[in-house]
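Have a look at the structure below, then the notes.
The values are calculated or read from the model by the stated rules, or taken from the named source; none is laboratory data. What you see is a predicted model; the values in this text were computed from it and never measured. Note: ideal-geometry Cβ built from the backbone for every residue, glycine included; neighbour counts use all protein chains shown. Accessible surface areas use protein heavy atoms only, side chains included; no ligands, DNA or RNA. Shrake-Rupley method; radii C 1.70, N 1.55, O 1.52, S 1.80 Å.
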Amino acid sequence: MNSTTRFKLSTMMFLEFFVWGAWFVTLGTFLGNNLKATGSESASVFGTQSWGAIIAPFIVGLIADRYFNAERILGVLHLVGAVLMYQMYKAPDVSVFYPYVLGYMILFMPTLALVNSVSFNQMKDPEKEFSKIRVWGTIGWIIAGLLISFVFHWDSPEGIQTGLLKNTFLMAGIVSLVLGLFSFTLPKTPPKVSANEKIKIGDLIGLDALKLLKDKNFAIFFISAILICIPLAFYYQNAGLFLADIKVSNPTGKMAIGQISEALFLLAIPVFFSKYGFKKTILVGMMAWALRYILFAYGNAGDLSFMLIIGIALHGVCYDFFFVSGQIYTNSKAGEKYKSSAQGLITLATYGVGMLIGFEVAGMITDSYKSGTITDWKMVWTIPAGIAAAVFILFALTFNDKTKSEIDAKAI
């Protein structure tokens, strides 16, 4: 890969995740303060991510893989996304905001697959080259958070009170416009599948991989993956709102610690796999979810603020040790025939079904422990901690896959 291509792909990843991080981290705070949304209304808004994940395979599989170059579809989706972002910026209430965010997420979620397609198409050795490109996405997410907290101060108590968080959508829209135009300069990525080839809906959403559920241990992992998404949804939906509500300074910037942690702990997964195996690695990830929420439940913005920082920093363990490990485990169990469909099925189950359930549960729990403007955050965080601990116990007692190195740590 030449330096020009590497620069373009790195810039693409930076802008892609900058756009997402520019508004999604502060979404819960924006909904609660600017639009006065209830917990259930916030759950519906966050649930648009899940609907986007469910619909994304159809957009990519039916259109991108068959009729048009991936980079051109990426450009069009981000240009339309920029318009929708501007409408979200202007929305006066949740009823007006919701249709725009739903439309946006249906268009945005497919772009996550498209940027990967454009990248892989230019790589001779993706296992070695992709991480060096993908890391710029994490950097983009981090930079967005730092700008919000330390440059623009939109998430300061004064900024939140005066409604400045709406500017995150304007910033995301401008960058989405830039990425949309920039996408047309990316290396050409033509369709891989003939437009005349018969369409199999099962292939698009991974239904062929359902055969893997005949394996008891894979079925246990599959169910656990859905269940662990319930506490995961609490973090996405409530963490930013929680930190802002208890008056933590620069909350969005501090949450960027989670992305830094994610990048660092990704490097630790091969070591854990080779030394402890898949089961222990994934159990560490599950336990980290319970621990982080206990830290959130009992930490505060004063003398116990270090507990909140540790809880945020655990994001790398929570995400990498469960989800990345799970993707590698799924890859090892699927075999060549079902690799793509198995990954599609896991994505549909977690970011689709699991997160959709999780956001609804998080919304109900938050509403249940809110009185007026006061939220009992200790209970809001204790409940998902208990759910994560229960999934940990379920997995520890029932998963007994003894196969020693089905998972090749060097594949990461």
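For the range 330-374, taking the residues that are open to solvent by less than 20 Å² (accessible area, probe 1.4 Å) and at pLDDT 90 or above, the one that is nearest to the chain's Cα centre (by Cα) is identified as M355.
Among the residues of the range 243-302, which ones are among the basic types (K, R) and touching a residue at least 12 places away in the same chain (Cβ under 8 Å)? Matches in the range 243-302: K247, K254, K279, R292.
With the condition kept exactly as written, say whether any residue in the range 237-253 is within 30 Å of T38 (Cα to Cα), polar (S, T, N, Q) and part of a loop (DSSP other than H, G, I, E, B). Yes, the range 237-253 contains a residue that is within 30 Å of T38 (Cα to Cα), polar (S, T, N, Q) and part of a loop (DSSP other than H, G, I, E, B). Say whether the condition of being in contact (Cβ under 8 Å) with a residue 12 or more places away in the chain, charged (D, E, K, R) and under 23 Å from L232 (Cβ atoms) is met by at least one residue in the range 26-49. Yes, because at least one residue in the range 26-49 is in contact (Cβ under 8 Å) with a residue 12 or more places away in the chain, charged (D, E, K, R) and under 23 Å from L232 (Cβ atoms). Based on what the data block shows, is F234 open to solvent by less than 50 Å² (accessible area, probe 1.4 Å), modelled with pLDDT of 90 or more and of a type outside the set (S, T, Y)? In short, yes. Remark: F169 matches the filter, which requires a residue to be touching a Phe, Trp or Tyr at 6+ places or on another chain (Cβ under 6 Å), open to solvent by less than 20 Å² (accessible area, probe 1.4 Å) and closer than 21 Å to F46 by Cβ. For the range 14-55, give me each residue that is among the aliphatic types (A, V, I, L, M) and either more than 19 Å from I143 (Cβ to Cβ) or at pLDDT 95 or above (or both). Once the filter is applied, which keeps residues that are among the aliphatic types (A, V, I, L, M) and either more than 19 Å from I143 (Cβ to Cβ) or at pLDDT 95 or above (or both), the range 14-55 yields L15, V19, A22, L27, L31, L35, A37, A43, V45, A53, I54, I55. Beta carbons closer than 6 Å, at least 6 apart along the sequence or on distinct chains, pair a first residue in the range 2-14 that is of a type in the set (D, E, K, R) with a second that is modelled with pLDDT of 95 or more and open to solvent by less than 90 Å² (accessible area, probe 1.4 Å) for K8/L186.
When I133, I142, I174 are checked against the criterion of being surrounded by fewer than 23 Cβ atoms within 10 Å (Cβ to Cβ) and at pLDDT below 95, a single residue qualifies: I142. Exactly one residue out of L241, L264 is open to solvent by less than 40 Å² (accessible area, probe 1.4 Å) and at pLDDT below 95: that is L241. In the range 134-180, of all residues being of a type in the set (D, E, K, R) and assigned to a helix (DSSP H, G or I), the one that is farthest from G103 (Cα to Cα) corresponds to E158. Is one or more of the residues making up the range 275-285 part of a helix (DSSP H, G or I), closer than 17 Å to P231 by Cα and open to solvent by less than 20 Å² (accessible area, probe 1.4 Å)? Yes, the conditions are met somewhere in the range 275-285.
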